Amino acid sequence: MNNFIEIHWTTGSIDEARKVARYLVHERLVANAKIIPWLESISMWNNQLNTSQETKVIFQTQQQKFESVKTIIEKNTNFAIPEILIFKIESINSEYNNWLEESLAITT
C-alpha cells in the first residue's frame, strides 16, 4: 500500500505558484507540480461577495512530507488564509508509483 497524497493549493499569483513549485520539486519534497494558471473563484470574504482570479497547484508527494510542504507554502503565500487540501491516493499503477518513489528520493 502506498503512502502517496495529492496536495491542492490555491494562490492569487502564477509567479508565486511557479516559485514555490520549483523550490518544492528541486528539494524533492514533491515529485511534481501541476499548475492550472487561471481559475475564477467566487466566495464570501469579509461578509462581501468576492470574485477573483486564482491559480491552482496540485502536488504529488508522500504523506510524511506534508507538514514540510505546508510550512513552505504558508511562508511563501500572499493569501491570509491559504487553501491547502490533502487527498490520499488510494490506487496507483506500479510504473507511476515507481517514478514517484524515485522522484522523491534524496540523491547524494
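The one condition from (1) open to solvent by 50 Å² or more (accessible area, probe 1.4 Å); (2) part of a loop (DSSP other than H, G, I, E, B) that Thr51 does not meet is (2).
Of all residues in the range 33-60 being among the polar types (S, T, N, Q) and in contact with a helix residue (DSSP H, G or I) (Cβ under 7 Å, 6 or more places away or on another chain), which is nearest to Thr10 (Cα to Cα)? Filtering first and then ranking leaves Thr55.
Residues in the range 54-79 that are under 14 Å from Glu16 (Cα atoms), open to solvent by 70 Å² or more (accessible area, probe 1.4 Å) and not basic (Lys, Arg): 2 in all. Of everything in the range 54-82, what is at pLDDT 95 or above, aromatic (Phe, Trp, Tyr) and not in a strand (DSSP E or B)? Give them in sequence order. Phe66 - this is the single residue of the range 54-82 that is at pLDDT 95 or above, aromatic (Phe, Trp, Tyr) and not in a strand (DSSP E or B). Among the residues of the range 93-108, how many are within 16 Å of Tyr23 (Cβ to Cβ) and open to solvent by 90 Å² or more (accessible area, probe 1.4 Å)? Looking only at that region, the number is 1.
Listed conditions (1) open to solvent by less than 60 Å² (accessible area, probe 1.4 Å); (2) farther than 30 Å from Ser52 by Cβ; (3) not in a helix (DSSP H, G or I) are all met by Glu90, apart from (1). Considered as a group, the residues in the range 1-32 that are touching a helix residue (DSSP H, G or I) at 6+ places or on another chain (Cβ under 9 Å) and part of a helix (DSSP H, G or I) include one that is farthest from Ile86 (Cα to Cα), and that residue is Tyr23. In the range 1-24, of all residues being aliphatic (A, V, I, L, M) and free of Cβ contacts under 8 Å to residues at least 40 places away in the same chain, the one that is surrounded by the fewest Cβ atoms within 10 Å (Cβ to Cβ) corresponds to Met1. Of all residues in the range 28-48, those satisfying the criterion of being open to solvent by 20 Å² or more (accessible area, probe 1.4 Å) and within 14 Å of the chain's Cα centre (by Cα) are Arg28, Leu29, Asn32, Ala33, Lys34, Ile35, Ile36, Pro37.
The values are calculated or read from the model by the stated rules, or taken from the named source; none is laboratory data. Just so you know, these numbers come straight off a predicted model, no measurement behind them. Virtual Cβ from ideal backbone geometry, glycine too; neighbours counted across all protein chains shown. Surface accessibility is based on the protein's heavy atoms, side chains included, excluding ligands, DNA and RNA. Shrake-Rupley method; radii C 1.70, N 1.55, O 1.52, S 1.80 Å.
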